[in-house]
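Enquirer: Dropping a structure here in structure tokens format, bear with me for questions.
Read the figures in this text as sums done on the coordinates, not as results from a lab. All values reported here derive from a predicted model rather than from experimental measurement. Glycine gets a Cβ as well: all are built from the backbone with ideal geometry, and neighbour counts include every protein chain shown.
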């Protein structure tokens, strides 16, 4: 049985999908986004965080049965409140086999996959077919910018975007407004056009950049060096670019 590493389980979450949810944060991510809000989720291994009130371990080992039993205990409450379980990270697809085994053991409950889409196409397709909703981060559709600020190959995400066009799983695109990096009219227009090609698209969310994320890095023994002017206001607002006729909201 495949074991997984979880660095947090947030109950009563109201911003991680519809209704009241339990969000499971899985450890490990293949990307290195310079604005990452969960630096303790990057490494796949458990690590000690040094907080003002003492140390704590970020990363607990679970079996699929152990995690499923924990979530199943909450299933009735979550369903009654029009919610469910959200799998986030890190990058949840980094532990695809563990996640698939866990999902197979869950009671009937709404499942949401919050992902960058940066994963082998086989893993992405397997998980996308097993959840009820996908939150897909779409940061930059400029390959050079994506490599510089996220440390990955944009072609991986584009390949999985093509897969979504053939699937029935509903999708919400989430686009972070990173000052001077992703917040150009050109990038947002490109994202709008890509999103409009998805038959199951529900909407696109514009995510405001949160400067508070920097405070988490020293806790994990890391330095925060974003490589952009985080104090600068976004270049665009919700009304300043072509939305390709699809619904948008700012969150």
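Enquirer: So which residues in segment 154-174 are in contact with a helix residue (DSSP H, G or I) (Cβ under 7 Å, 6 or more places away or on another chain) and closer than 18 Å to residue 36 by Cα, if there are any at all?
Expert: 154, 173
Enquirer: Evaluate segment 16-31: report whether one residue or more is free of Cβ contacts under 8 Å to residues at least 60 places away in the same chain, outside any strand (DSSP E or B) and crowded, with 22+ Cβ neighbours inside 10 Å.
Expert: Scanning segment 16-31, I find no residue that is free of Cβ contacts under 8 Å to residues at least 60 places away in the same chain, outside any strand (DSSP E or B) and crowded, with 22+ Cβ neighbours inside 10 Å, so the answer is no.
Enquirer: With the structure loaded, tell me whether residue 133 is touching a strand residue (DSSP E or B) at 6+ places or on another chain (Cβ under 9 Å) and free of Cβ contacts under 8 Å to residues at least 40 places away in the same chain or whether it fails that test.
Expert: So residue 133 fails the test.
Enquirer: Please go through segment 170-201 and give me each residue that is touching a residue at least 40 places away in the same chain (Cβ under 8 Å), farther than 29 Å from residue 231 by Cα and surrounded by fewer than 18 Cβ atoms within 10 Å (Cβ to Cβ), ordered by number.
Expert: Hit for segment 170-201 is 196, nothing else.
Enquirer: Across segment 42-68, what is the total count of residues that are part of a helix (DSSP H, G or I) and either touching a strand residue (DSSP E or B) at 6+ places or on another chain (Cβ under 8 Å) or without any contact (Cβ under 8 Å) to a residue 12 or more places away in the chain (or both)?
Expert: Total meeting the criteria: 3.
Enquirer: I would also like to ask the following. Identify the single condition in (1) surrounded by 12 or more Cβ atoms within 10 Å (Cβ to Cβ); (2) more than 18 Å from the chain's Cα centre (by Cα); (3) within 27 Å of residue 159 (Cβ to Cβ) that residue 245 does not satisfy, given that it satisfies every other one.
Expert: Every listed condition holds for residue 245 apart from (1).
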